[in-house]
Amino acid sequence: MTQESAPFWDALHAYRKKAVVPFHTPGHKLNAGLFPRLEAVLGSGFFSLDPSDQVEDPETSNDFEQVLRVAEGLAAELFGAKNTLFSVNGTTGGLHYLLMPVTGTLLVPRFSHQAVYSAMILGEAKAVYLPASYDPDWFVPLQLQGDQIEQALIQCQAEALVLTHPTYYGTAANVRDIVKRAKSHGSLVIADEAHGGHFLFSDKLPGTALECGADAVVQSTHKTLGSFTQTSMLHFNNEAWYRKAVQAQRALQTTSPSMVFFAALDEVRRVLASQGRDMVGRALELAGECRRKLSELKGVELLPSHLQADPMKIVFSLRDLGLTGIEVERLLRMDYNVQVELSDYYSVLALISMGDTKDSVERLVEAVADLSKRRHQLGLAPLKRYAMKVPALPPIVFGLRQAFFRKQTTTPLSRAEGKISGGFLTPYPPGVPVIAPGERFTAEVIEYLFWCHSINWPVRGLMPEQKVVILEDN
Ligand SMILES: Cc1ncc(COP(=O)(O)O)c(C=O)c1O
């Protein structure tokens, strides 16, 4: 089979074309007619491609799992992996499948996505955290340094290290160096490449974690490669870990995965195989153009290139014009009908991808140009800049899994010192937990959370009246 074929898409399509009389789930019976409003927008196609587990493929006696393995094999070939798994539960699910089998120490950068934390609730891994550090001027989490990881590896004999490559903001570490060091200490390397699926398709982008020697990676195909939301791919260099991940997927995945999602991943892979480099190349040109035009606008500052390995993430700030990123996001949406990916105190992040056009990029540039002109006319003071003093990681009393289901109560944050947290408290974005379940509140942590609150930096997990969840058996 070649990259020009899409076996899963074809087999699902063939089932539709055959018009089999369906005495099977789902209850809509492949017919949109029951739901005219859904039909009007989605068309009948989505329903007709939605049998719960049927395809038409005589060679495999219509076994969708066998066809799926063939489709995953083609994806493995394209992405340079020994094996690939499709995920219908995004990279969140993928991280669970990859990390649930870890039974020893897992080295976890504190800025890891929440799915890494929830994997430790599902499995037995014991976390050793690597503290996050931030660029003082932008509050963007900095990538890990090889020396920092090596020190931790010497101290804790980790079974595995999980890396985020790149971060949400497009910052990337020297993954090749990190993988080399981890391997020399006998540690597996698992990469959360949710935002890095497109790296394979351009030499102007950082290498993929798999190319750099990682054992396994998971990519949100839906984020940067255009597939449907919820669809991701896991790629493996390490067959033993692939087998473990398959076991974990069997335990965690729905028994009714969407055939449409699998077919979409297969078809997207077919198109990427022939056109991926062109598509990503065009998107890079658009991103370059967007960055150039924004940099010419008065009062608009762009995240410096040493913090940004992925140029598709356009991170910019209007702080000199007195606006927080959160306000810029709101104004772009309300006044210009433009929605960015995220915003924080200083900046907003606009994602350019292969789905963009000259026009869409122009809309963003025009909106920011008009906004900056309006703000100049108001002549307001620049936004206050803060020196951020990130607290040390709090002491761990219980591991995440131990802490998660213990009895909980709440207390005002002001009285939490010495108590054990029952939840995560996470300034978002960038989403780095200041404290996690099972960790003890320190005065420093409390002071920092009050500071975040005072500058209107949303803190996930902080309840009304500034209460926090703590464990009852404190
Ligand atoms: C770094 C990172 N990892 C993992 C995820 C989860 O990905 P998904 O939405 O595909 O479940 C995200 C989502 O935003 C993310 O930013």
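For the range 455-465, in order, what is each residue's ³J(HN,Hα) by Karplus, 6.51 cos²θ - 1.76 cosθ + 1.60 with θ = phi - 60°, in whole Hz (x at glycine and Pro)?
9, 6, 7, x, 10, 5, x, 8, 8, x, 6
Collect residues whose amide H, placed 1.01 Å from N in the peptide plane, falls under 5 Å from the amide H of TYR134; neighbours closer than 5 in sequence don't count.
Those qualifying (amide H under 5 Å, at least 5 residues apart or on another chain) are LEU142.
Report, in cubic angstrom per residue, the convex hull volume of the C-alpha atoms of the chain.
Output value, Cα hull per residue: 166 Å³.
What is the dipole size for the range 63-265, taken about its Cα centre, with +1 at each Lys and Arg Cβ and -1 at each Asp and Glu Cβ, in debye to the nearest 20? Write down the numbers at each step before the final one.
Values: 13 positive and 17 negative charges, 46 e Å.
The calculation lands at about 220 debye.
In the chain, once you exclude exposed chymotrypsin sites (Phe, Trp or Tyr not before Pro) (DSSP loop, at most 11 other Cβ within 10 angstrom), what's the longest stretch remaining?
24-404
State log₁₀ I(q)/I(0) for the range 9-86 at q = 0.18 Å⁻¹ as given by the Debye formula over alpha-carbon point scatterers of equal weight, solvent excluded.
The calculated log intensity ratios at q = 0.18 Å⁻¹ are -0.79.
Would you kindly state how much longer the chain becomes between ILE154 and ALA381 on full extension, computed as 0.36 nm times their sequence separation minus their alpha carbon distance, in nm to one decimal? Present the calculation step by step, with values, prior to reporting the outcome.
On the way: separation 227, 0.36 × 227 = 81.72 nm, distance 4.90 nm.
Taking ILE154 through ALA381 to full extension adds about 76.8 nm, to one decimal.
VAL128's amide H: which non-local residues (gap 5+, or another chain) put their own amide H closer than 5 Å, with H modeled 1.01 Å from N in plane and none for Pro or chain starts?
Residues meeting the criterion, in which the H sits 1.01 Å from N, are LEU106, LEU107, VAL108.
In debye, nearest 20, what is the charge dipole magnitude of the chain about its Cα centre with +1 on Lys and Arg Cβ and -1 on Asp and Glu Cβ, if you could check? Mind showing how you got there, number by number?
Details: 46 positive and 51 negative charges, 181 e Å.
With Lys and Arg at +1 and Asp and Glu at -1, about 860 debye.
Which ³J(HN,Hα) values in Hz, rounded to whole numbers, follow from the phi angles of the range 280-287 under the Karplus curve 6.51 cos²θ - 1.76 cosθ + 1.60, where θ = phi - 60° and Gly and Pro get x?
Rounded to whole hertz, the list is 5, x, 5, 5, 5, 5, 4, 5.
Kindly identify the range 255-369 as rounded, prolate or oblate by the Cα gyration tensor criterion: order the square roots of the eigenvalues as a ≥ b ≥ c, call it rounded if a/c is under 1.5, otherwise compare a/b with b/c, prolate if a/b is larger, else oblate.
On the way: a/c = 2.34, a/b = 1.75, b/c = 1.34.
Prolate shape, in that a/c is at least 1.5 and a/b is the bigger ratio.
So how do 465-471, 145-151 stack up, highest first, on mean other-Cβ count within 10 Å? Kindly include the intermediate steps, with their values, before the conclusion.
Values: 465-471: 17.4, 145-151: 15.9.
So the order, starting with the most tightly packed, is 465-471, 145-151.
Gain in length, HIS306 to ALA392, computed as 0.36 nm per residue apart minus the alpha-carbon separation, to one decimal in nm? List each step's numbers first, then the result.
Working: separation 86, 0.36 × 86 = 30.96 nm, distance 2.56 nm.
Contour length minus the Cα-Cα distance gives 28.4 nm.
Can you tell me the alpha carbon radius of gyration of the range 63-265 divided by the globular rule-of-thumb value 2.2 N^0.38 Å?
Details: Rg = 16.1 Å, N = 203, 2.2 N^0.38 = 16.6 Å.
Dividing the Cα radius of gyration by 2.2 N^0.38 Å gives 0.97.
Say a paramagnetic label sat at a point 7 Å from the Cα of VAL246, along Cα to Cβ; which residues of the range 54-72 have their backbone N under 17 Å from it?
63-72
How much length is gained if the chain between GLN402 and SER5 is pulled fully straight, taking 0.36 nm per residue apart and subtracting their Cα-Cα distance, in nm to one decimal? Numbers along the way, then the final one.
Values: separation 397, 0.36 × 397 = 142.92 nm, distance 4.75 nm.
Taking 0.36 nm per residue and subtracting the Cα distance, the gain is 138.2 nm.
Applying 1/(1 + (r/R0)^6) with R0 = 56 Å to the Cβ-Cβ distance of LEU38 and SER414, what FRET efficiency is obtained, to the nearest 0.05?
Computed FRET efficiency for LEU38 and SER414: 0.70.
Between LYS467 and GLU444, what FRET efficiency follows from the Cβ-Cβ distance if R0 is 25 Å, with the result rounded to 0.05? Before the final figure, lay out the partial values.
On the way: r = 19 Å, r/R0 = 0.78.
Efficiency for this residue pair is about 0.80.
Considering only Cα-Cα distances, which of the following residue pairs are longer than 32 Å: LYS126/LYS407; LYS358/LYS389; LYS180/LYS223; LYS389/LYS419; LYS204/LYS389?
LYS358/LYS389; LYS204/LYS389
Name the long-range amide H neighbours of LEU163: under 5 Å, sequence gap of 5 or more, or other chain; modelled H, no Pro or chain starts.
ILE190, ALA191, ASP192
For a test of the definition: using alpha carbon positions, the gyration tensor, and the 1.5 limit on a/c, classify the range 174-301 as rounded, prolate or oblate.
Working: a/c = 2.26, a/b = 1.34, b/c = 1.69.
Oblate, because a/c is 1.5 or more while a/b does not exceed b/c.
Output ³J(HN,Hα) for the range 376-386: one whole-Hz value per residue in order, computed from phi by the Karplus curve 6.51 cos²θ - 1.76 cosθ + 1.60 with θ = phi - 60°, and x for Gly and Pro.
Using θ = phi - 60°, the values come out as 4, 4, 6, x, 7, 6, x, 5, 5, 9, 10 Hz.
Note down the magnitude of the dipole of the range 278-378 about its Cα centre, charges +1 on Lys and Arg C-beta and -1 on Asp and Glu C-beta and zero elsewhere, to the nearest 20 debye.
Details: 14 positive and 17 negative charges, 55 e Å.
The calculated dipole for the range 278-378 is roughly 260 debye.
Any read-out appearing in this document is the output of simple, stated calculations on the displayed coordinates, not a laboratory observation. Values in this document were obtained by computation on a predicted structure and should not be read as measured data. Counting neighbours? That spans all protein chains shown, and the Cβs are built from the backbone with ideal geometry, glycine included.
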